[in-house]
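Input: a single structure, listed below in structure tokens.
Each value in this text was obtained by applying a stated rule to the coordinates, not by laboratory testing. Treat the numbers as computed from the prediction; the structure is a model and nothing was measured. Virtual Cβ from ideal backbone geometry, glycine too; neighbours counted across all protein chains shown.
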Amino acid sequence: MTTDARYTERPLFDRDFLARCERLAGESRRKFGGRVLGYHGARQLAGGTEVTGYCDYAAGDDPRYVDWNRCARHDELVSKQFQGDEDLQMWLLVDCSASMALGGKFDYARRLAGALAYVGLANLSRVGAAAFSAGLTATLPPQRGKRSVRALLAAIESMSLQGEDTDLDRTARQLIGRQPRPALVIVLSDFYDPRGVGRGLDVWHSRGHHVHLVQIFDPSELKMNDLGDVELSHLEPASDQHVVLDRKKRQRYRELMDEFRRTVRRCCRERHFGCTQITTERPFDRQLLGMMHAASLDQSTPA
Amino acid sequence: MTLLDPNAIWWLLLAVPIALVYLLRLRSPRHEVGASMIWRQVVGDGSTSPTRRRAVSACCQLALLALLIVALVEPTFSERAAARRIVLVIDTSASMTPAGDETDALHAAKRRAAALIDTLRRHDKMAILSAGEIVRRHIGFSDHGHSLHAALDGVVLDGTVLDDGGGGNRVTEAVRLARRMIETDVIQGSGGQIVVLSDAAFEGATSLAAADDVQLISLGGQRGNLAITRFAVRENFLRSGTSEVFVEVTNLSGEPVETTLLIAHDGRQEKVLTVKVASRDRWSETVEFDLPEGGKLTATLQLSDAVTEDNVAELMVPASRSTRVALVTQGKPVLRRALEALPKVQLTVVDDVENVPSDVEVTVLDAVVPNPLPPGPLLVINPTGSSELWRLAQPLDDTTVDVQRPADGLLRNVRLDQAYLSASRQIVPLGDAQVLAENAAGDPLYLRIRRPAGDVLLLAADPDKGDLRLHESFPLLVAGAIDSLSGRTTKSEIIVAEIPLMDHDRWAALDATEPNDAQGGMPLWPAYAAIVLASVFLLVEWQAFHQRWIL
């Protein structure tokens, strides 16, 4: 199911959007030293010339970094790790599953992704974008330089709802095939994954990626004020259900929603990943500024 | 089955919004939710169908509406109730329009009559009469509502004087005509009823209100009632030959009243009194009349109020006549003065029984006992010897009155208790005697002996001695004795006019908005069954939608 018509009536990234993004980029440079959500490209593993260690070979690793001498001696495949000044590589994953059609979540996620891409490119990072639902559906490899802003925004704007269920584990495995080297992965989604978010985060964590989850809700999802006879239209998976809602059930729903949000936060905290849970009520630029401010505080606070 | 109020069937239109609401609510509000993973934990996988629940609810609501309409249309299975004959009698006298505008009693009567016409049942018929200076029949028995309303519009004021009994009102005649109409038109088993719409300011209103077949609906607002509540006459003890008339007026209205009261003697106006009485208060006056020949006294209040019957009071005063009394005495002063003080007593004093005139009515023997006793009524004071009626015995040791027995007014207002009479001898009656006073030993001191030639009253005391000469009761004792022996009604008796007292409370009880329902003993179980059914429907409705009601 696609509801693109609702989101393409007006340009997603208009002149006002770009102006706000420019202000955000300036704020990022002045206040946060060019970091995007607290990360920058200095001293990144791999990509440098100094060998700092070894790790087990994984599918997708560059064969040039395999230590063939060690392979000959010990009959095991290991990849050499280098360290050096390297630009930050950032992937923006936008959830295109059916549940994102609720309210303005999909538009909000794309605007937020566009702003992050703008700020990242402005801070000399390499930024790639991908849409996902049951897996990656469209990807744009990491781009560099402000000249790539137009291409990135066009790619993000062209993302469309897929009408499929969310599968974060599969998405993570597909992404590390395309981005074997550690990168900053920002996932914008509601994370309605029946299998949970833990397995997907484990995949990224095992490959050294740093992940920041941005969980987006529509305000009606959290409040749910309707009572009485209600016909629920589930977007993911698509189905209709007639229920009679009373106060008890409504309270139960709110408790489960709180538990769901706590679970996502806990998964991120256990893996030292970042997590931001937001609603679509707040303007995206203020939201992003707040996210950067919170990330800088986390970086400055000793673990 | 007959519907007593078929117009209530229009309430059935309420079923339309109920059905519309039912149809509109068939489609539940649609709410988009992102993913089912949360909701499945809340409500499970099942889906509840609201169709049956809403259908049950709509049926309950319609059933409740049906019960309500059944109650409103008042179905009846009684044929008697379905064939009433009602005659409306509208008072069109001048008193019905004191205000002369839409607020007067005539307009109120017409509005009430129109309402009664609208409540006619299927087989009912109604006739309309008006009672002003003459009785008019505006329409005979008809069940056609428009005709009845048209006839009602033709009812106008038909009187030039107020209802003071002077001929400006013919309500009573109209009721008689209504009764004849009902007798000739009424069908077997049906009921006839006369509804009088009036300000009740006419003679006979009270009796009309009490009639079983008449319902008097009082109109014209809260009219006050001024009533003569006491009307009495008695002899004037200060001026012989005159009488004192006592009249009391009570104001039963909520406003003070000032009016005049006329007192007429045998139709001739004698006194005009001004009556000023506050609300819920009484006014009284005593006036002196010269009524030697007696006659009829009539008191009349000069006003028109809610009840006219109590504005007039009448009483008959008997003619006053003198009593010829002969006193046979040797010169005792106390008894003589007592007799001379009595009004309407022509006293003749002689020293011997032989000198008593033949035309006297009562003979008083003071310490004289002739043998034989003279004919006619006798009052014997201090007998000095025996006679054919009594015998004197030994002197009494105790001459103090211990027991006093009033009889026939002989001892009215007389109190001889513990009065010491002069020394006397015991009196032994030789026949039947009525003891009126006796000492502690039971010896008679004052007694009455009946005989064919005239009663004899015997007082065993010398009034010139003992306490009796100083006792204020002695003149009253003598007066009572003379009155009793002469057969004259005592003039001190108060004659009270019995005036019915009516106030607004009673009129309010008489007032009713609807003619009496002739259904009679309708069983109550249908009502109970309907209540139970309604309760069941409400319970089902509660169960069906309680989740919504307890939001």
Cα gyration tensor shape of the stretch B:329-380, rounded if a/c is under 1.5, else prolate or oblate by comparing a/b with b/c: oblate
Lysines near B:Lys110 by alpha-carbon distance under 21 Å, same-chain residues fewer than 8 away left out - which ones? B:Lys125
Does a label point 7 Å from the Cα of A:His272, set along Cα-to-beta-carbon, have any residues of the stretch A:185-212 with amide nitrogen under 20 Å, and which are they? A:185-187, A:198-212
Here the whole-number average of other chain Cβ atoms within 10 Å per Cβ of A:183-194 is 1
May I ask for the distance between the Cα centers of the stretch B:433-488 and the stretch A:231-298, given as a whole number of Å? 121 Å
By the C-alpha gyration tensor axes a ≥ b ≥ c (rounded if a/c is under 1.5, else prolate when a/b exceeds b/c, else oblate), the shape of the stretch B:206-352 is prolate
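Using a Förster distance of 45 Å, how high is the FRET efficiency between B:Leu273 and B:Gln418, based on the Cβ-Cβ distance and rounded to 0.05?
So the FRET efficiency works out to roughly 0.50.
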Computed [θ] at 222 nm, deg cm²/dmol, chain A (DSSP H ≥ 4; -39,500 (n - 2.57); rounded to nearest 500): -12500 deg cm²/dmol
For B:Val249, which sequence-distant residues (separation of 5 or more, or a different chain) have an amide H within less than 5 Å of its own amide H, given hydrogens modelled in the peptide plane? B:Thr229, B:Trp283, B:Ser284
Averaged over the residues of A:223-230, the number of partner chain Cβ atoms within 10 Å of each residue's own Cβ comes to 5
Descending packing, highest mean Cβ count within 10 Å first, for B:349-361, B:394-406 is B:394-406, B:349-361
For the peptides B:208-219, A:219-230, what is the packing order when you average, over each peptide's residues, the other Cβ atoms within 10 Å and list the highest mean first? B:208-219, A:219-230
Check B:Leu291: other-chain or 5+ apart residues with amide H under 5 Å from its amide H, H built from backbone geometry? B:Ser243
Quick calc: nm separation of the 7 Å Cα→Cβ label points for A:Arg254 and B:Ile9 -> 5.4 nm
As a test, work out the antiparallel percent of DSSP beta bridges whose residues both lie in chain A, rounded to the nearest 5. 50 percent
Towards the positive end of the charge dipole of the stretch B:393-480, with charges on Cβ (+1 Lys, Arg; -1 Asp, Glu), say which of B:Gly466, B:Pro452, B:Gly431 has the farthest Cα. B:Pro452
For the stretch B:267-345, listing GluC sites (Glu not before Pro) in a DSSP loop whose Cβ sees at most 14 other Cβ atoms within 10 Å gives B:Glu293
For B:Lys332, counting only aspartates and glutamates whose alpha-carbon sits under 15 Å away and dropping same-chain residues fewer than eight positions off, the answer is B:Glu340, B:Asp351, B:Asp352, B:Asp366, B:Asp462, B:Asp464
Enumerate the amide H contacts of A:Thr276 below 5 Å, restricted to partners 5 or more residues apart or on another chain; note that Pro and chain-start residues carry no placed amide H. A:Leu213, A:Val214, A:Gln215
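Using a ≥ b ≥ c from the Cα gyration tensor of the stretch B:356-440 (square roots of the eigenvalues), is it rounded, prolate or oblate, where a/c under 1.5 gives rounded and otherwise the larger of a/b and b/c decides, a/b for prolate?
oblate
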Ordering of A:255-263, A:165-173, A:95-103 by packing [mean C-beta count within 10 Å, highest first]: A:95-103, A:165-173, A:255-263
If each K or R counts +1 and each D or E counts -1, the residues other than B:Ala367 whose Cβ falls under 9 Å of its Cβ total -1
Here the cysteines of chain A lacking a cysteine partner under 4.7 Å (Cβ to Cβ) are A:Cys21, A:Cys55, A:Cys71, A:Cys96, A:Cys267
Number of partner chain Cβ atoms within 10 Å, mean per residue of A:242-250: 5
Whole-number percent relative contact order across chain A, with pairs defined as alpha carbons under 8 Å at least 6 apart: 19 percent
Enumerate the lysines that A:Lys31 could reach by cross-link, defined here as Cα to Cα under 29 Å, with residues fewer than 8 away along the same chain left out. A:Lys105, A:Lys146
